[in-house]
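Worksheet for the structure shown next.
The values are calculated or read from the model by the stated rules, or taken from the named source; none is laboratory data. This is a predicted model, so every value here is computed, not measured. Here the Cβ positions follow ideal geometry from the backbone for every residue, glycine too, while neighbour counts run over all protein chains shown.
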């Protein structure tokens, strides 16, 4: 993040990432025979990929956030629910320490794009300056 001198305005921090298409909530979680629910292998793999892709992002966003997500489904998927992918994306970004906690998100918008190739999730995260809860 940019440091500012007293009284000097600084543009809010913005992070933009292109991530792989995330696992749906149905594949993100796994129920153990004991009944305990844990992150499954698809979720762990996605978290690892996000952590590697965000390794160069040295900014840990600490303020209130606006998050825009564009979902580009894999070419083979005709129908999908945009809300089924949110948990994996938001949790992986928190785990990768892009922001402190997904509770910081004030404004969340998800849009779909036409399917292409292996799919993707393009995520833009912006600190909201001067906006209170």
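Things to note:
- Of all residues in the stretch 93-110 being in contact with a helix residue (DSSP H, G or I) (Cβ under 8 Å, 6 or more places away or on another chain) and free of Cβ contacts under 8 Å to residues at least 40 places away in the same chain, the one that is nearest to residue 22 (Cα to Cα): 94
- Residues in the stretch 14-43 that are farther than 17 Å from residue 124 by Cα, surrounded by 15 or more Cβ atoms within 10 Å (Cβ to Cβ) and touching a strand residue (DSSP E or B) at 6+ places or on another chain (Cβ under 9 Å): 28, 29, 39, 40, 42, 43.
- Residue-level analysis places residue 101 outside the set of residues that are surrounded by fewer than 19 Cβ atoms within 10 Å (Cβ to Cβ) and either touching a strand residue (DSSP E or B) at 6+ places or on another chain (Cβ under 6 Å) or at pLDDT 95 or above (or both).
- Scanning the stretch 111-133 for residues that are touching a helix residue (DSSP H, G or I) at 6+ places or on another chain (Cβ under 7 Å) and at pLDDT 95 or above gives 121, 123.
Yes/no matrix, rows are residues, columns are (1) assigned to a strand (DSSP E or B); (2) at pLDDT 85 or above:
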position: 8; (1), (2): no, no
position: 11; (1), (2): no, no
position: 18; (1), (2): yes, yes
position: 22; (1), (2): no, yes
position: 38; (1), (2): yes, yes
position: 44; (1), (2): no, yes
position: 47; (1), (2): no, yes
position: 51; (1), (2): no, yes
position: 56; (1), (2): no, no
